[in-house]
Amino acid sequence: MSQVSGAGIEAAYRDRFPNSARLFEQGRVLFPNGVTHDSRHLKPFPVFIDRAVGSRKYAVDGHEIIDYWMGHGSLLLGHSHPAVVEAVTRQVAKGTHFGANHQLEMEWGEIVRRLMPSAERVRFTSSGTEATLMAIRLARIVTGRQKVLKFLGHFHGWHDLVMPAADAPYDLENVSMPGVTEGVLQDLVVLPPNNLDAVAQAIETHKPACLILEATGGHWSMVPMRGEFLHALRKLTEEKGVLLIFDEVITGFRVAPGGSQSHYGIKPDLTTLAKILAGGLPGGGVGGRADIMDALEFDNPHGQKMRHPGTYNGNPLSAAAGIAALQVVADGRPSRQANEMGRLLRTGLNDLFARRGVNWVAYGEFSMLSVLPNYDGPRPTDDGFIPYENQLEKLDAKRDPVLSHNFRCALLLNGVDFFGWRAMLSAAHTHGDIQRTVTAFSNAIDLLRKDGLLA
Ligand SMILES: Cc1ncc(COP(=O)(O)O)c(C=O)c1O
């Protein structure tokens, strides 16, 4: 007979991670929900990590965990890559903030421009959120227009204008968000993804400054966007004088050294970057057409300067880490390896789900993967498969929280940390990691079934 939902998993989890449980009890007084990033919230408590190397991280409870968070996507090369460790160690002794120009930021900007030729000029920020903030403001200055188009389910950081409509449940009629004013919302036009007519219509009606999007689709390919649609968007926005902003905070240097734009052969007007850009340290940036980036110059042809302060812009430690990482990324091998590991994990999981009679499906592209529970469509036939013909409401629905928390705990009990229902692969993941992960899923399925959470 099955036990109360999740009771067996929770008991085993508490037993396996007692030090994490203790630290969490201390931390929850200090931090809301005991975490410093919403995504890290986990019931009954999140695991505390002590150190990490390659594809593994190590809990304060001593257990080794195969990691699929990979620094929220910033660690394409894996944890503590020797080139990055060496570069940061060298730099920290030389100084962490000069309040002045330095050669590392030049080298960093040069390598970005070499890998991503659409970045004719570059400006560094401290995060991806700041990068999208900058790109949108630049677009407004240059076009003299105000409104911004974005897609439902596309995440561009957490500033007021882009956070609405980033997460399920979706409602096109009401994209309000606690703490975001009506005034801000008036400047935002939210559209269903993968619908060219809706974009064309919105451009006619709203005369927007720009369209911003995650180029492989919302929540890194959870609702994929394909090359054909992207090419059509490029053509349409160019014709209508709307700036096209590719948010490559995740996909930049991951999908390929030149990001998704090089994979699809599309030149956006502006690109927002972060994560891999700074080799796992804090950092972001905007690259784009020189005539648009010129709006950051003190005397510029637009007649209006975009002010850009920011204490940590281009800071030497992030620059050192970024250069080291991008030099390794440049030959394309890390992207190819991570993409291949993504393919293997998707295939391995789908074989497992079919074998074990589990109504879940794994899908995604490049080095990014999503697992969809309670799936009742046809089984995948190849790696390009998209469930439910790419319907946003089905692919990016709010997941059952009890199942979600227990699923992650069940995987952690088996030495795997998934990014919710998603995974970010890296070049440090091996065939052995993939096999161990599939076995961990098989064991997690047993645990979920035993607790009555899975049929
Ligand atoms: C596509 C995308 N854009 C922007 C951001 C915001 O970046 P940051 O967390 O560095 O502010 C993220 C973060 O995950 C992202 O995935």
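Bear in mind that the values in this text are calculations on the coordinates, not laboratory data. Remember, predicted model here, so these are calculated numbers, not experimental data. Every residue, glycine among them, receives a Cβ derived from its backbone with ideal geometry; neighbour counts consider all protein chains shown.
Overview of results
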| quantity | calculated |
| --- | --- |
| Net lengthening on full extension, Glu120/Leu196 (0.36 nm per residue, minus Cα-Cα) | 24.5 nm |
| Computed P(r) (all Cα pairs; the chain; 20 Å bins; percent) | 25, 57, 18, 0 |
| Rounded, prolate or oblate (a/c below 1.5 giving rounded, otherwise prolate when a/b exceeds b/c) for region 196-298 by Cα gyration tensor | oblate |
| Cα pair distances in region 153-200, grouped into 10 Å bins until the bin that holds the longest one, percent each | 25, 59, 16, 0 |
| FRET efficiency, His308 to Thr205 (Cβ-Cβ, R0 51 Å, nearest 0.05) | 0.95 |
| Least to most buried among Phe353, Phe31, Phe151 (fewest other Cβ within 10 Å first) | Phe31, Phe353, Phe151 |
| Shape of region 297-339, Cα gyration tensor, a/c cut at 1.5 | prolate |
| Members of Lys207/Lys240; Lys57/Lys275; Lys94/Lys275; Lys147/Lys267; Lys147/Lys240; Lys394/Lys450 lying beyond 20 Å, as alpha-carbon distances in this model show | Lys94/Lys275; Lys147/Lys267; Lys394/Lys450 |
| For Ile49, distant residues with modelled amide H under 5 Å away | Val60 |
| Isotropically averaged projected area of region 82-329, using the convex hull of Cα atoms (one quarter of hull area), nm² | 13.2 nm² |
| Approximate spin-label separation Gln103-Asn390, in nm, with each point projected 7 Å along Cα-to-Cβ | 4.8 nm |
| Cα gyration tensor shape of region 331-455, rounded if a/c is under 1.5, else prolate or oblate by comparing a/b with b/c | oblate |
